[in-house]
Amino acid sequence: MNFKEWQKKQKVILIDGSMSLGLEEQGLDLNDELWTAKALVNEPEKIEKVHQNYYAAGANIAITSSYQATVTGFERLGHTTEESRALIKRTVQLAIQAQAKSQGTQEKWVAASVGPYGAYLADGSEYRGNYGLSQTELVDFHRERLELLLEAGADLLAIETIPDITEIQALIELLAQHPKATAWLTVTLKDAHHLCDGTDLRVFQLLAESSEQIIAYGVNCVQPDLVLPTLEYLKENATKPLVAYPNSGATYDPSTKVWTHSHAVDEVFSNEALKWHESGCKWIGGCCCTSAKEIKLLKETFAEVL
């Protein structure tokens, strides 16, 4: 059974948590323009270990470490084009290896992360949008990485942390060029009704609903208190499963690349997550500053329906 058919039968699907925190817990300094992709070059075994830990905690889906990985970014650091392409494919290979080695009897899948143009800039603009690029320019930016990730054998694409309606349009256009590919699409928020670029979420929703290849959509790397009102706003017109994997509630400073913690994380990934599910959210996980601990907590919280 392929992922698209499997997911239709599930009441809850658990997505993993932060790659960056899992790497930092292994002693890796990620204050780098490549962020988690930095480990691909020198310490790929640590990426594989993070995936294994999430599968062991109960995750159904591991998201690859390709969020900030681009051919241009690797070339800028001195890698050849072929080396850069191989590194991007390695993100999927590492997750597949972890899938084979990991503990846990649940179904396990690999989602290849397609991060926004703002992640490539490494300046926090994935939380602002309005890049000033045309839809055609954004299609060209995303094309090669998306093709490499599909070639590497990912089960689906995780198009995530998208702040900008033009970028959403570009990615849907690009997806249509790969009709066998499936994806989820998650965005970042200005508030519970608007993308970071100010676009009403209804516009995003209409685009996500209209694409046959997008099988679920929602939000990621947003403050937890935005999740429920956003889901309530979307569920009125949703015919597809909704997705939510917020950050822990910490606040990010893109200049220092440091998170400041403030929320009661255990409450978010237990009682709050139950409320998300009641509001139509079937795909649930964590983003920045979450760990295998939070995914294990989600597994315990939804034990009766998993």
Practice problem: Over the range 130-276, consider all pairs of different Cα atoms and compute the Kirkwood hydrodynamic radius from their mean reciprocal separation; express it in Å, one decimal. | Solution: 16.1
Quiz prompt | Cβ-placed point charges (K, R +1; D, E -1), dipole of the range 3-302 about Cα centre in debye, nearest 20 | solution = 880
Practice problem: Kindly work out what percent of the DSSP beta bridges joining two residues of the range 3-302 are antiparallel, to the nearest 5. | Solution: 20
Exercise. Using Cα positions and a limit of under 16 Å, work out the lysines in reach of Lys101, with same-chain residues fewer than 8 apart set aside.
Key: Lys46, Lys49
Exercise. Any chance you could tell me what percent of the C-alpha pair distances in the chain go past 37 Å?
Key: 5
Self-check item: Calculated diffusion of the range 107-149, Stokes-Einstein form, Kirkwood radius summed over Cα pairs, 20 °C and 1.002 mPa s, µm²/s
Solution: 182
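Can you check what the net charge comes to around Asp140, using other residues whose Cβ is under 13 Å from the Cβ of Asp140 (Lys, Arg +1; Asp, Glu -1)?
On the way: positive: Arg143, Arg145; negative: Glu137, Glu144, Glu147, Glu167, Glu173.
With Lys, Arg at +1 and Asp, Glu at -1, the net is -3.
May I ask for the percentage of alpha-carbon pairs in the range 48-140 that lie more than 19 Å from each other? Mind dumping the intermediate values first?
Numbers: 2206 of 4278 pairs.
Result: 52 percent of Cα pairs exceed 19 Å.
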Self-check item: For the chain, built as a Gaussian network whose Cα springs stay under 10 Å, the top-fluctuating residue of His142, His178, His277
Solution: His178
Quiz prompt | With every protein chain in place, the range 3-302: carbon and sulfur % of accessible area (1.4 Å) | solution = 48
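The values are calculated or read from the model by the stated rules, or taken from the named source; none is laboratory data. Computed from a prediction, not measured in an experiment: that's the story for all the values here. Neighbour counts are summed over all protein chains in view; Cβ atoms, including those assigned to glycine, are modelled from backbone coordinates with ideal geometry. Note: areas computed on protein heavy atoms with side chains; ligands, DNA, RNA excluded. Shrake-Rupley method; radii C 1.70, N 1.55, O 1.52, S 1.80 Å.
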